[in-house]
Amino acid sequence: MGQIEVVEVFEENLDSGGCYCLRSKPNSTGYINKNNWLLDSFQEGLKYIKIMDNNKPAGFIEYTPIEYSSRVVYGENYIVIHCLWVQITGKGYASKLIQQCIQDAKEQNKVGVIVVTNPNTSWTPSKDIFIKNNFIEVDHAPHGFELLVHKFGAAPNPYFPKDWDDRLSSFKDLTVMRTQQCPFVDVATTNMMEAANKLGIPIHIIDIQNREELLRISPTPYGIYGVIYNSNLVAYHRLTVHSAMKRLKHINSEK
């Protein structure tokens, strides 16, 4: 049986250990932006934990206190899981990482752990593994978003905003809203810009500066990336240039 090790990434070992995603391109803009974002977020209580199988990265979990989270969800004294990804399945690694997060939340005297899922994209964790670890669904939002929670007591449930249509209606121009929480945001933005340029559509980029702004303008609960055009949600995850062009053309045809 191989050697299994759980490794927490800190400022001190970030350069040598690095984050999990896009690690094959450590010089890319997205990877560099993610590492810089991590350096700031460590100061806010964010945890980034990798699981190693024979010294090779097999998966990771990222979580943070709700007041610093990149997910558009309301609640008090919760931990929010941003990401959970396991490359090697069938060995219980995902549950091991989830249970480590739950234990950490208890030690921090939190009331529970939150995660946002969506069956329509691999950019969010899978719902099933959280149900297996005693999370329950307590809210939902348009476009397939689900809010799951594992509570330790009788605390009020977390919840999503309800003004999603109003958020969309505020934006007519093609607009990308983003944070640097995910290293693939840079590629997603570049693809959308190329699609817009091919179609001759002006595009605006909003780099979200803080959680207050995120809670106010993000078009979905998945707050790190969202694209709006003519009051329609174009994307909340990376699209190819072709797919982005197709969606933009479709929205234009419905004017």
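The values are calculated or read from the model by the stated rules, or taken from the named source; none is laboratory data. Given the structure is predicted, the values throughout are model-derived calculations rather than measurements. Note that each Cβ is placed from the backbone with ideal geometry, even for glycine, and that neighbours are counted across all protein chains shown. Heads up: the accessible areas ignore ligands, DNA and RNA and are worked out on the full protein's heavy atoms, side chains in. Shrake-Rupley method; radii C 1.70, N 1.55, O 1.52, S 1.80 Å.
Restricting to the stretch 30-45, what's the tally of residues that are part of a loop (DSSP other than H, G, I, E, B) and within 18 Å of ARG178 (Cβ to Cβ)?
The total comes to 0.
Output the residues belonging to the stretch 46-61 that are part of a loop (DSSP other than H, G, I, E, B) and open to solvent by 30 Å² or more (accessible area, probe 1.4 Å).
ASN54, ASN55
Scan the stretch 70-114 for residues that are part of a loop (DSSP other than H, G, I, E, B), open to solvent by less than 80 Å² (accessible area, probe 1.4 Å) and hydroxyl-bearing (Ser, Thr, Tyr) and report the count. Write out each step before concluding.
Filtering the stretch 70-114 for residues part of a loop (DSSP other than H, G, I, E, B) gives 70, 72-73, 75-77, 87-92, 108-111.
Checking the rest, the ones that are also open to solvent by less than 80 Å² (accessible area, probe 1.4 Å) come to 70, 72-73, 75, 77, 88, 92, 108, 110-111.
Now drop any that are not hydroxyl-bearing (Ser, Thr, Tyr), which leaves 70.
Result for the stretch 70-114: 1.
With respect to the numbered conditions (1) touching a helix residue (DSSP H, G or I) at 6+ places or on another chain (Cβ under 8 Å); (2) not in a loop (DSSP other than H, G, I, E, B), which one is the sole condition not fulfilled by ASN120?
Failed condition: (2).
Report yes if ARG23 is on the phi < 0 side of the Ramachandran plot and surrounded by 20 or more Cβ atoms within 10 Å (Cβ to Cβ), otherwise no.
Against the criterion (on the phi < 0 side of the Ramachandran plot and surrounded by 20 or more Cβ atoms within 10 Å (Cβ to Cβ)), ARG23 does not qualify.
If the Cβ limit is 8 Å and pairs must be 6+ apart or interchain, which residue in the stretch 193-209 that is more than 18 Å from GLN180 (Cβ to Cβ) pairs with which residue that is open to solvent by less than 80 Å² (accessible area, probe 1.4 Å) and aromatic (Phe, Trp, Tyr)?
Qualifying pairs under 8 Å: ILE201/TYR229.
I'm trying to understand the selection: among the residues of the stretch 115-164, which are over 22 Å from CYS21 (Cβ atoms), open to solvent by 40 Å² or more (accessible area, probe 1.4 Å) and in contact with a His (Cβ under 7 Å, 6 or more places away or on another chain)?
The answer is ASN134, and nothing else.
Applying the selection to the stretch 166-186, what residues are touching a residue at least 24 places away in the same chain (Cβ under 8 Å), assigned to a helix (DSSP H, G or I) and surrounded by fewer than 18 Cβ atoms within 10 Å (Cβ to Cβ)?
Residues of the stretch 166-186 that are touching a residue at least 24 places away in the same chain (Cβ under 8 Å), as a first pass: 167-186.
Checking which are assigned to a helix (DSSP H, G or I) leaves us with 167-169, 185-186.
Once the filter is applied, which keeps residues that are touching a residue at least 24 places away in the same chain (Cβ under 8 Å), assigned to a helix (DSSP H, G or I) and surrounded by fewer than 18 Cβ atoms within 10 Å (Cβ to Cβ), the stretch 166-186 yields only SER169.
Looking at (1) closer than 30 Å to GLU254 by Cα; (2) in contact with an Asp or Glu (Cβ under 7 Å, 6 or more places away or on another chain); (3) touching a residue at least 40 places away in the same chain (Cβ under 8 Å), which one does HIS82 not meet, given that it meets all the others?
Status for HIS82: all satisfied but (1).
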